[in-house]
Amino acid sequence: MGVYLVSVGAEEWFGDEEDGWGEVASGLNAELLRRGLPTYEDVPPETDFAAGSGQAFEEKLTPSMTGFLALCQTHLSREESETLCGWTVLVPFSLPKEIWLPIESTDYESMVAGAPQVLPLAEKLAAAVDLPAETPATCDSLDLSGWFRHQAKELATTRTGPWTKDLDAAFYVALFLRAAQHSIRRGCPIVCT
């Protein structure tokens with residue numbers, strides 16, 4: 001089990017099945033219309049898995065977030081931190097203001113954020129920790145998780161820099177950076193599930 005960030009294709013996004021996101025898609029479109037914005041209909045279909053293709057996104061939130069949250073406090077405002085890491089649904093288009101919807105429970109609301117707002121915040125943190133160029137650009141199947149568990153530790157012995165001081169924090173910087181980049185590049189939502 002655990003918490004994952006995953007990309008969602010059109011079938012699941014608009015689906016009415018129990019594990020589909022159709023209710024969220026409808027609620028989001030209703031709120032977009034209320035705000036005078038175009039609805040979000042152009043979701044790409046899910047593709048067959050191909051490692052390294054950049055067509056899917058899947059990462060597990062396993063490491064401790066303590067260092068990452070401290071990094072956010074140091075480099076971002078409270079509002080920026082909430083935008084960067086408070087979303088449950090990330091969409092590939094700009095949202096001047098986040099949208100709150102009842103997701104997974106009617107007892108609380110979850111945030112829908114725009115990837116164009118999340119990306120510059122993640123880029124700011126990536127610059128602050130000097131995230132290495134070797135960090136995987138695609139995250140089809142836990143690519144970041146595997147890289148930070150193995151290759152990053154090895155690289156950190158020869159390539160020093162702020163990113164090596166807390167590999168868990170660097171993982172989350174890379175995670176939010178790659179999630180926003182993937183959402184924009186593929187035009188798809190990414191959900192926290």
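The values are calculated or read from the model by the stated rules, or taken from the named source; none is laboratory data. Please read all numbers here as calculations on a predicted model, not as lab measurements. Because the Cβ atoms are built from the backbone with ideal geometry, glycine has one as well, and the counts that use them run over all protein chains shown. Each accessible area value is taken on the protein alone, full model and side chains, heavy atoms only, with ligands, DNA and RNA left out. Shrake-Rupley method; radii C 1.70, N 1.55, O 1.52, S 1.80 Å.
Counting only aspartates and glutamates at least 8 places from Lys97 when in the same chain, those with an alpha carbon closer than 16 Å to its own are Glu31, Glu79, Glu80, Glu82, Glu109.
Per residue, the range 1-49 exposes 65 Å² of solvent-accessible protein surface, assessed with a 1.4 angstrom probe and all protein chains in place.
Sorting the segments 70-79, 91-100 by their residues' average number of neighbouring beta-carbon atoms within 10 angstrom, most packed first, yields 91-100, 70-79. The simple Förster model, with R0 at 22 Å and r as the Cβ-Cβ distance, assigns Asp42 and Asp19 a FRET efficiency of 0.50. Angle of helix 22-34 to the longest C-alpha principal axis of the chain, folded into 0 to 90 degrees and rounded to 10: 80°.
Rolling a 1.4 Å probe over the protein heavy atoms leaves Arg159 with an accessible area of roughly 100 Å². Below 17 Å, Cα to Cα, which aspartates and glutamates can Lys60 reach? Residues fewer than 8 away in the same chain don't count. Here the aspartates and glutamates satisfying the reach criterion relative to Lys60 are Asp140, Asp143, Asp168.
Normalised by the number of residues in the chain, the average gap of Cα pairs under 8 Å and 6 or more apart makes the relative contact order 32 percent. With a 1.4 Å probe and all protein chains left in place, how much of the accessible area of the chain comes from carbon and sulfur atoms, in whole percent? Heavy-atom surface of the chain belonging to carbon and sulfur, 1.4 Å probe: 52 percent. For the range 71-88 versus the range 1-66, the spacing of their alpha-carbon centroids is 21 Å. Solvent-free Debye calculation, one equal scatterer per alpha-carbon of the range 62-193: log10 I(q)/I(0) at 0.09, 0.12, 0.15, 0.19 Å⁻¹ equals -0.26, -0.46, -0.71, -1.09.
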